[in-house]
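None of the figures in this text is laboratory data; all of them are computed from the coordinates on show. Since the model is a prediction, treat every value here as computed from it, not as a measurement. As a convention, Cβ positions derive from the backbone with ideal geometry for all residues, glycine included, and neighbour counts pool all protein chains shown.
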Amino acid sequence: MMFAFVTIVILVCMGVVMVRLFSGPTLYDRVLALNVFGTCTVLLIGSMGFLFARPDFLDIALLYALINFVGTIAVLKFFRYRRLGDAPHDAEIIMVQENEEDRTAP
Amino acid sequence: MMEMLIDILSWASFVGGALFLFIGSLGMVRLGDFWARLHAASIVDSAGVGLILFGMMLQAGLTLVTVKIAIIVLFLFITGPTASHAVANAAFVSGSRPTDMVEDITAPKAKPKVTKRKSRKTKPKATTSSAKKKSGA
């Protein structure tokens, strides 16, 4: 009863956050909504583990929390440097910033 | 008696957590600005997660499950603010600012520009010629 209530509330919240995920005006709105969505998913996996009386789901929830964090950082890094490998050198970053300023200035 | 007390407590924390979760997700949709939505996200990350997982801990009793939930709470409480800071920092660096942000007139003038220029002049020395041409021209 308890966990059915919690599960339904979490599902509703995930649906509401999905609106922002699809309609966010900027990239950062979407990343933020994705982060909240992932947190809700961790809660959902945990409460469904209790609902179906299989508490082993909590391991999966922990793993999902880890992946969610790493994924958020990876998306941000990709959209800042346009690559996922080793970080570019400082001089290169400055060049990129200069180019972006040139692009946005006029 | 004890069971009933635990049930009441966990019901209370579930209802509270659900309330915070719903408020936070509603704020994600309704608030008008990225910098305002950051507050809504932090409500979900702290109060919602904390209360709901606390209710689960009460229901699980003193077992290994409680330890696992405690680890999840610890991890989420460390990574949630870190991820929020990363998103906010990326948005700030990309040039987004809160609407109605007021410039501080009393602040010492234009410090970030000075430091930026310094780093530009000193650092690309190794790579150089193209950058120098740019600045020279």
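Table for the structure above
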item: Residue-count net charge about residue A:22 - beta-carbon cut-off 13 Å; Lys, Arg +1, Asp, Glu -1; result: +1
item: Average beta-carbon neighbours from other chains, 10 Å sphere, peptide B:68-74; result: 4
item: Net charge contributed by nearby residues that have their C-beta within less than 13 Å of residue A:46 (K/R +1, D/E -1); result: 0
item: Euclidean distance of C-alpha centroids, region A:1-75 and region B:1-74, integer Å; result: 12 Å
item: Residues A:23, B:46, sorted so that the one with the fewest Cβ neighbours within 10 Å comes first; result: A:23, B:46
item: Convex hull (Cα only) mean projected area of region A:1-57, reported in nm² to one decimal; result: 3.7 nm²
item: Where labels lie 7 Å past Cα in the beta-carbon direction, separation of residue B:1 and residue A:51 in nm; result: 3.5 nm
item: Relative frequency of Cα-Cα separations exceeding 18 Å in region B:2-93, percent; result: 53 percent
item: Karplus-derived 3J(HN,Hα), 6.51/-1.76/1.60, for each residue of region A:52-57, Hz, glycine and proline x; result: 8, 6, 10, x, 5, 4
